[in-house]
Amino acid sequence: MRIRAETALTFDDVLLVPRHSRIASRSDVSPHTLAARGLALAIPVLSANMDTVTESEMAIAMARCGGLGIIHRFMPIERQAGEVARVKRAEGYVVEDPVTIEPHASIRQARALLSGAGIGGLVVVDRQARVLGMVTKRDLLFAPDEEEPVSEVMTPRERLVTLQAPADLLAAREQLHAHRLEKLPLLDSGGKLRGLITAQDIMRLEQHPQATKDGKGRLRVGAAVGARSEDLERAEACLHAGADTFVVDIAHGHSENCLGMVRALKQRWPEVPVIAGNVATPEGVRDLAQAGADAVKVGVGSGSICITRVITGFGVPQLTAILECAAEAHHLGVPVIADGGIRRSGDAVKALAAGASTVMVGNMLAGTDEAPGATIIRDGRKMKVVRGMASLSASADRLVIDRGADLEPGDWERIVPEGVEAVVPHRGAVAEVLDQLIGGIRSGMSYAGARSLAELWERAEFVRVTGAGLRESGAHDVEPIG
Ligand code: XMP
């Protein structure tokens, strides 16, 4: 037995010391960062790959705000790939592969396609992909006969405004305005469908200049995978759907399983950034980086819904874990993601100041409109459910997914949960929560006199606080309202 360190600290154990600053306004600082090598973000925030936090709606909101969502893996492969595809379809300079329908398909089929893909219109094509018309939600809204063919309600080719591919966005914008249209199919000289430009996409380009986008103007998204052999199949399906990064998501990331998966992913798709974790030691960072990881996720037992430390006795208080891991990671040129335990913007500033390039948040976003967790009313207040991915119910659900069959007698008793199920208050839209979080981070950077995260790492100085210091740090000697 050996004691590795006499003390290890977490966020409430420290404060950052104000430094001389030349920064006049919070807008003079830039929290631009890397989620992983080759994956830049305008804001240093990732949404956690948990089934009550990140599916497509959350990932879309995160990317629009300049962050990144990681689609969780606790669902069948095809469903996860579908979630990734929804994000990639949400916007783009040109929709390269628009959803199409044949003219004799029924209105019922068209409605199902529209809601399944989460889009507003379908291009009607013949078997040779020649454009015959368009059908939009509005065309279908009050159509009384669901079995009628879409050709009866579509805007036919002769009344359709189209553009010759390749079209530039400015020309498309003019056409959309001139004809007061929402969608503009792009055709080749033979009348075949080559893409679609939408008014919404052009508007969003202007509304979200900081959005996290790929070279085609599509929102970026990550996909979590496990470390079993079938997870390579999962990775392939998600990549095919457009995933921009893989997150190898294992409770104990410093394990041969995780290292083997990172190597396998990098060998197969060297150009796709791989984020791996979770670890809590510099040795873990080093081994994952040597296996090829492009970012390392740090945090063992730090999450709000985690009971790993209680059940197993393992973990490292999160600030020490970040400080030690980031020192090694900076040396190796690999970004660190501080995952778990971020409750307020001050914690995020401390995590970044300790050397993290981004923070991953679960709890802070689980109460938002875009989180997939169920909404319930408790004592007259709107709450949302959040659960640890190793909680009893999540573990049971995973067994069912893995087996493709119901639980068997004794299954519940065999599960040893390392997470809990809980509720958090409803918090409104992701954009509002991120505005507060990023406002706090910018303000924190200005207290350090840091214009960039690299300057924050260099200039940050922590002091340890006592219990009295901690009490002084919050509102005190007043009666808070509400
Ligand atoms: P916060 O504090 O933001 O933390 O809610 C989110 C992170 O918690 C981790 N996580 C778990 N850890 N048991 C654990 O020990 C669990 O059941 C569990 N579920 C999630 C995960 O790293 C997530 O990003």
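No lab work stands behind these numbers, since they all come straight from the coordinates. Quantities reported herein were computed from a predicted structural model and do not represent experimental measurements. Backbone-built Cβ (ideal geometry, glycine too); neighbour counts: all protein chains shown.
Can you give the charge dipole size of the range 100-207 about its Cα centre, rounded to the nearest 20 debye, using +1 on the beta carbon of Lys and Arg and -1 on the beta carbon of Asp and Glu?
Dipole magnitude for the range 100-207 comes out near 200 debye.
With N set to the number of residues, divide the alpha-carbon radius of gyration of the chain by 2.2 N^0.38 Å and report two decimals.
Working it through for the chain, the quotient is 1.06.
Using r as the Cβ-Cβ distance of residue 283 and residue 137, and R0 as 51 Å, what FRET efficiency do you calculate, to the nearest 0.05?
Efficiency, rounded to the nearest 0.05: 0.40.
Of 216/266; 297/350; 350/384; 88/192, which ones are farther than 25 Å apart at the Cα?
From 216/266; 297/350; 350/384; 88/192, over 25 Å: 350/384.
Compute the FRET efficiency between residue 406 and residue 228 as 1/(1 + (r/R0)^6), taking r as their Cβ-Cβ distance and R0 = 22 Å, and round to the nearest 0.05.
E between residue 406 and residue 228, to the nearest 0.05, is 0.55.
Calculate the spin-label point distance for residue 311 paired with residue 475, positioning each point 7 Å from the Cα along the beta-carbon direction, and give it in nanometres.
Each label point is offset 7 Å from its Cα along the Cβ direction, giving 3.6 nm.
Does the range 4-137 come out rounded, prolate or oblate, given a ≥ b ≥ c as the square roots of the eigenvalues of its C-alpha gyration tensor, rounded meaning a/c under 1.5 and, failing that, prolate meaning a/b above b/c?
Prolate, because a/c is 1.5 or more and a/b exceeds b/c.
Mind jotting down the three principal axis lengths of the range 124-264 based on Cα atoms? Whole angstrom, largest first.
That works out to 62, 39, 32 Å along the principal axes.
Roughly how many debye, to the nearest 20, is the charge dipole of the chain about its Cα centre, given +1 on each Lys and Arg Cβ, -1 on each Asp and Glu Cβ, and no other charges?
920
Can you work out the FRET efficiency for the pair residue 117 and residue 26, with r the C-beta to C-beta distance and R0 = 41 Å, to the nearest 0.05?
My answer for the efficiency is 0.55.
Give me the number: length gained by fully extending residue 454 to residue 468, i.e. 0.36 nm times residue separation minus the C-alpha to C-alpha distance, one decimal in nm.
1.9 nm
Along each of the three principal axes of the Cα atoms of the range 201-245, give the extent in whole Å, ordering the values from largest to smallest.
43, 15, 13
Which aspartates and glutamates does residue 183 reach when only Cα atoms under 16 Å apart count, and residues fewer than 8 places away in its own chain are ignored?
The reachable aspartates and glutamates, counting only those whose Cα sits under 16 Å from residue 183, are 91, 96, 97, 139, 158, 168, 174, 201.
Given only helices, namely DSSP H runs of n ≥ 4 each adding -39500 (n - 2.57), what is the per-residue ellipticity at 222 nm of the chain, to the nearest 500 deg cm²/dmol?
-10500 deg cm²/dmol
When the chain is fully extended, how far beyond the present Cα-Cα distance does residue 382 get from residue 151, taking 0.36 nm per residue of separation?
78.7 nm
Would you work out the charge dipole size for the range 403-482 about its Cα centre, treating the Cβ of every Lys and Arg as +1 and the Cβ of every Asp and Glu as -1, and quote it to the nearest 20 debye?
That gives the range 403-482 a dipole magnitude of about 440 debye.
Would you tally the net charge around residue 296, using a Cβ to Cβ cut-off of less than 13 Å, leaving residue 296 out, and scoring K and R as +1, D and E as -1?
So the environment of residue 296 carries a net charge of -4.
Starting from the Cα coordinates of the range 100-207, work out the convex hull volume and express it per residue in Å³.
So the per-residue hull volume is 103 Å³.
When only Cα pairs under 8 Å and 6 or more residues apart are kept, what is the percent relative contact order across the chain?
21
Which residues in the range 439-477 have a backbone N closer than 14 Å to a point placed 7 Å from the Cα of residue 327 along the Cα-to-Cβ line?
Under 14 Å, as judged by backbone N against the label point of residue 327, lie 462 of the range 439-477.
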